[in-house]
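The values are calculated or read from the model by the stated rules, or taken from the named source; none is laboratory data. All values reported here derive from a predicted model rather than from experimental measurement. Backbone-built Cβ (ideal geometry, glycine too); neighbour counts: all protein chains shown.
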């Protein structure tokens with residue numbers, strides 16, 4: 001069993017015209033045993049930016065606290081909120097900085113950029129961004145849902 005599967009989690013994000021959606025399960029488990037059914041995996045950074053953290057629960061909570069700290073420093077220095085692309089670079093740098101003792105998290109970032117352009121991005125535990133496949137998978141999912149709904 002992988003350490004990413006230890007607490008169990010599922011995250012999904014998709015984009016539409018000037019909008020995005022991000023969803024997750026709320027189950028916290030240890031292997032096959034359920035510990036809680038109200039565990040938070042999606043966190044609000046600001047009104048137009050959310051991050052979902054799947055993987056080891058303790059690493060997800062630690063990583064979220066460090067990201068909030070860095071976002072608040074950015075707000076104090078720049079006097080504005082981070083754009084989703086900037087936040088994705090911050091998350092990538094944070095993960096890469098811990099590459100020899102990594103956070104066992106795989107983040108999903110979803111937000112609205114300038115002019116309400118949707119942005120989604122996934123990463124592995126070392127901070128490698130995945131933009132193309134993420135969007136391509138969302139469009140495939142959209143077409144599948146459209147076919148099912150119609």
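Here is a check on your reading of the model: is residue 108 in contact with a strand residue (DSSP E or B) (Cβ under 8 Å, 6 or more places away or on another chain), outside any helix (DSSP H, G or I) and either at pLDDT below 95 or under 20 Å from residue 14 (Cα atoms) (or both)?
So residue 108 passes the test.
Can you tell me which residue in the range 46-85 is surrounded by the fewest Cβ atoms within 10 Å (Cβ to Cβ), limited to those that are in contact (Cβ under 8 Å) with a residue 60 or more places away in the chain and touching a helix residue (DSSP H, G or I) at 6+ places or on another chain (Cβ under 6 Å)? Please lay out each step first, then the result.
The first filter runs over the range 46-85 and keeps only residues in contact (Cβ under 8 Å) with a residue 60 or more places away in the chain, leaving 48-50, 55.
Among the residues that remain, those that are also touching a helix residue (DSSP H, G or I) at 6+ places or on another chain (Cβ under 6 Å) are: 49, 55.
Working: 49: 23, 55: 25.
Out of the qualifying residues, it is 49.
Can we say residue 121 is in a loop (DSSP other than H, G, I, E, B) and closer than 29 Å to residue 1 by Cβ?
No, not satisfied.
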